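Presented below is the structure to which this report refers.
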Amino acid sequence: MGDLVYWHLPGFSVFRDLNTTLIDLMKEYPNSFYEDYRVGSVYGTFPGAIWNGGRTALGFCPKGEIERTIKLYNGKHVPMRFTWTNPLIEECHVQDTYCNLIMHLADTGDNQVLVNSPVLEKYLRENYPDFKMISSTTKRITDPAVLGEEMKKDYFMVVLDYDLNRNEEVLKSLEPMASRVEILVDEICFPGCPKRVEHYLDEGKRQLEYDVAAPFPCPNKQERKSFEDCKKRPAFISKEELQEYRARGFQNFKLVGRGLPQSLVMDSYLYYLVKEEEQEFIKNQIGKRLTALAEERARRRAQAMGGRK
């Protein structure tokens, strides 16, 4: 169709091995993938960053590991996109040492930020102007008029709320600006979820308080989600339907994955990016390389422990 398609992949930290392996395979075996598909970014957070929103990610990542991850993705010419979308961020949070360290290390001119909180967005624009700013789907903009106003703002891109994926009036109005719209094609949440905003607030509170004690009463809660579950949702856009969106000028598509099993994420990568007749081959290549990476990591840990004796 001429124009490139850019895929925005989840979990740059938790799925780092999977993502970097996929990126490498796309370069090594281009005939196994759809030729005009590219990885547009990898989104997510480093664990323990209080600015993070959408999904809670507790823990901590050392400075050296942050640097290695940034160098790894940017060295492959893939931008990292930080999910700084915690809706509860106020002035007292913007000077957070850890989050500012991450931004300083990633301030290479290659990376991007998803935003929700006006306070944090203002701080980021003033202090890290080389990051591209993206309006997050966590804003839950479902009013076409409000969406129209959002598109007029100085955003590199606006991520469409999944409930608008099939709204013909909205899609038509966005066609002149289609290159700045990102569409989430495989959302697993319920359509019209009445608790979605409340859930984002809850996740933000957990991130700020480092607390996951009480589970949020999500109506979509189940033991183990799969990519087949995504396919059953009304907002799901199949790879065949995707071509219709491309014909209208839409080029940026987002895949879910944060907080979900790696098996679901890999299934989505295979389904959307890999030619059907090549999926088994690429799946086997991914499996072999992930095993090799895990074994190498275990070997280094054992060597490090041996050196401490």
**Asked** Ordered by packing density, taken as the mean number of other Cβ atoms within 10 Å over each peptide's residues, highest first, how do 23-30, 42-49 rank?
**Response** 42-49, 23-30
**Complete:** Quick calc: nm separation of the 7 Å Cα→Cβ label points for residue 296 and residue 224 -> 2.9
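Highest mean first, what order results for 188-198, 246-256 on Cβ atoms within 10 Å? Show your work: numbers first, answer last.
Details: 188-198: 15.3, 246-256: 19.1.
Descending mean neighbour count gives 246-256, 188-198.
What does the net charge come to around residue 127 if you take all other residues with beta carbon closer than 13 Å to its beta carbon, with K and R at +1 and D and E at -1? Could you put the intermediate results ahead of the total?
On the way: positive: 122, 125; negative: 96, 107, 121, 126, 130.
Combined, the nearby Lys, Arg, Asp and Glu give -3.
Can you work out the FRET efficiency for the pair residue 31 and residue 168, with r the C-beta to C-beta distance and R0 = 41 Å, to the nearest 0.05? Spell out each step's value before the answer.
Details: r = 36 Å, r/R0 = 0.88.
Computed FRET efficiency for residue 31 and residue 168: 0.70.
Provide the FRET efficiency to the nearest 0.05 for the residue 304-residue 76 pair, computing r from the beta carbons and using R0 = 25 Å.
Details: r = 27 Å, r/R0 = 1.06.
For residue 304 and residue 76, the calculated efficiency is 0.40.
Per 0.36 nm of contour for each residue apart, how much would the distance between residue 283 and residue 105 grow if the chain were fully extended, relative to their Cα-Cα spacing? Mind showing how you got there, number by number?
On the way: separation 178, 0.36 × 178 = 64.08 nm, distance 3.31 nm.
Result for the pair: 60.8 nm of gain on full extension.
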**Message:** Please compute the modelled spin-label separation between residue 95 and residue 145, points set 7 Å along Cα→Cβ, answer in nm with one decimal.
**Reply:** 4.1
**Charge sum, other residues only, whose C-beta stays under 10 Å from residue 20's C-beta, Lys/Arg counted +1 and Asp/Glu -1** = +1
**Asked** Considering the values (i) 67, 53, 40; (ii) 57, 48, 36; (iii) 57, 48, 40, which represents Cα extents along the principal axes in Å as calculated for the structure under consideration?
**Response** (i)
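Working from the alpha-carbon coordinates of segment 138-271, get Rg over Rh, Rh being the Kirkwood radius. Show your work: numbers first, answer last.
Working: Rg = 15.8 Å, Rh = 16.2 Å.
Radius of gyration relative to Kirkwood radius: 0.97.
Counting each DSSP H run of 4 or more residues in the chain as -39500 (n - 2.57), what helix-only mean residue ellipticity at 222 nm follows after dividing by all residues, to the nearest 500 deg cm²/dmol? Please report the intermediate quantities before stating the final value.
Values: 11 runs with 130 residues, N = 309.
Helices in the chain give a 222 nm mean residue ellipticity of -13000 deg cm²/dmol.
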**Prompt:** Given the pairs 139/239; 63/153; 205/239, which span a C-alpha to C-alpha distance of over 31 angstrom in this model?
**Reply:** 63/153; 205/239
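The numbers here are math on the coordinates, done by the rules we state, and not lab data. This is a predicted model, so every value here is computed, not measured. Methodologically, a virtual Cβ is constructed for each residue, glycine included, from the backbone with ideal geometry; neighbour enumeration extends over all protein chains shown.
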